[in-house]
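Undergrad: Right, I'll just put the structure down here and ask away after.
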Number of protein chains: 2
Amino acid sequence: MVQTRAEQMVARLQDMQAAVPDIEASAVVSVDGLVIASALPADTEEDRVSAMSAAMLSLGERIAKELGRGTVEQVYIKGDNGYVVLTAVGEEAVLTVLARKEGKLGLIFLEMRRAAKDLTNML
Amino acid sequence: MVQTRAEQMVARLQDMQAAVPDIEASAVVSVDGLVIASALPADTEEDRVSAMSAAMLSLGERIAKELGRGTVEQVYIKGDNGYVVLTAVGEEAVLTVLARKEGKLGLIFLEMRRAAKDLTNML
């Protein structure tokens, strides 16, 4: 069976979540805040994730520029109940991940970089 | 000579920067975006750092809440030219750090946590 591009991307997201079970949700979102592919639990609203991703990326870009940090590669927020991590996927999209607070950040970053590389090639 | 509270905080920021030379600038900023203490190089505008810190914290709080991550403890942005990292200092302020891209994130986080603990006691 031939997979569509969207199915390939979802499969890649699911692989990432299988590799790091503390990643509970993930999505590829365009820079204008539209979902390209997602692997979210039933109780997570896709629109909310995509809107928040776009807002975070946009502010991240502005701050990085204003404070002389260059082009944004990654943004992360740590709450007392877990993480939100964004990584660039090419120039047109971003990979957003929601992770449990028990997750090891180094491992999450590593798997996200690998997934982002593969996803860039699929876009 | 007795140090004022502000002088103590600046001295603590300078200690942190001495411990991790890849931290090039740091400031303690109130949640409403006013500088409480700073150790910034001459070419870094204090107002810009404080405004960006408040914006980042505010969006971080909203995103963490919307996506079920709890109360914000840390926000970070990685650009291709370095990092911006924010860590909570008590409930009323935030420690903002600008670091070079060569900086080791684990070391930056460690020293920031130590400084934030001391700064909380000074506030």
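Undergrad: Are any of the residues in the stretch B:80-96 modelled with pLDDT under 90 and among the hydroxyl-bearing types (Ser, Thr, Tyr)?
TA: No.
Undergrad: Checking A:Met52 against (1) surrounded by fewer than 19 Cβ atoms within 10 Å (Cβ to Cβ); (2) out of contact with any strand residue (DSSP E or B) (no Cβ under 7 Å at 6 or more places or on another chain), which test does it fail?
TA: (1)
Undergrad: What's the number of the only condition in (1) outside any strand (DSSP E or B); (2) within 11 Å of the chain's Cα centre (by Cα); (3) within 11 Å of chain A (Cβ to nearest Cβ) that B:Leu119 fails to meet?
TA: That leaves (3) as the condition not met.
Undergrad: Please work out which residue is nearest to the other protein chains (Cβ to nearest Cβ), limiting yourself to the stretch A:14-39 and to residues that are in contact (Cβ under 8 Å) with a residue 12 or more places away in the chain and more than 13 Å from the chain's Cα centre (by Cα). Give the derivation first.
TA: Within the stretch A:14-39, the first condition is being in contact (Cβ under 8 Å) with a residue 12 or more places away in the chain, and the residues that meet it are A:14-17, A:19-20, A:22-39.
Remaining after also requiring more than 13 Å from the chain's Cα centre (by Cα): A:15, A:19-20, A:22, A:32.
On the way: A:Asp15: 22, A:Ala19: 21, A:Val20: 17, A:Asp22: 13, A:Asp32: 17 Å.
Restricting to residues being in contact (Cβ under 8 Å) with a residue 12 or more places away in the chain and more than 13 Å from the chain's Cα centre (by Cα), the top hit is A:Asp22.
Undergrad: Also: Out of the stretch B:12-33, which residues are surrounded by 13 or more Cβ atoms within 10 Å (Cβ to Cβ) and farther than 13 Å from B:Glu111 by Cα? Full working, then the answer.
TA: Restricting attention to the stretch B:12-33, the residues satisfying the condition of being surrounded by 13 or more Cβ atoms within 10 Å (Cβ to Cβ) are B:12-13, B:15-17, B:19-20, B:22-31, B:33.
Scanning the stretch B:12-33 gives B:Glu24, B:Ala25, B:Ala27, B:Val28, B:Val29, B:Ser30, B:Val31, B:Gly33.
Undergrad: In addition: State the number of residues belonging to the stretch B:40-67 that are touching a Leu at 6+ places or on another chain (Cβ under 8 Å), facing chain A (nearest Cβ under 7 Å) and small (Gly, Ala, Ser).
TA: Number of matching residues: 2.
Undergrad: Of everything in the stretch B:69-99 that's surrounded by 15 or more Cβ atoms within 10 Å (Cβ to Cβ), of a type outside the set (S, T, N, Q) and in contact (Cβ under 8 Å) with a residue 60 or more places away in the chain, which residue is nearest to the other protein chains (Cβ to nearest Cβ)?
TA: So the residue we want is B:Leu98.
The values are calculated or read from the model by the stated rules, or taken from the named source; none is laboratory data. Because the structure is a prediction, the values reported are computed rather than measured. Ideal geometry is used to build each Cβ from the backbone, glycine not excepted, and the neighbour counts take in all protein chains shown.
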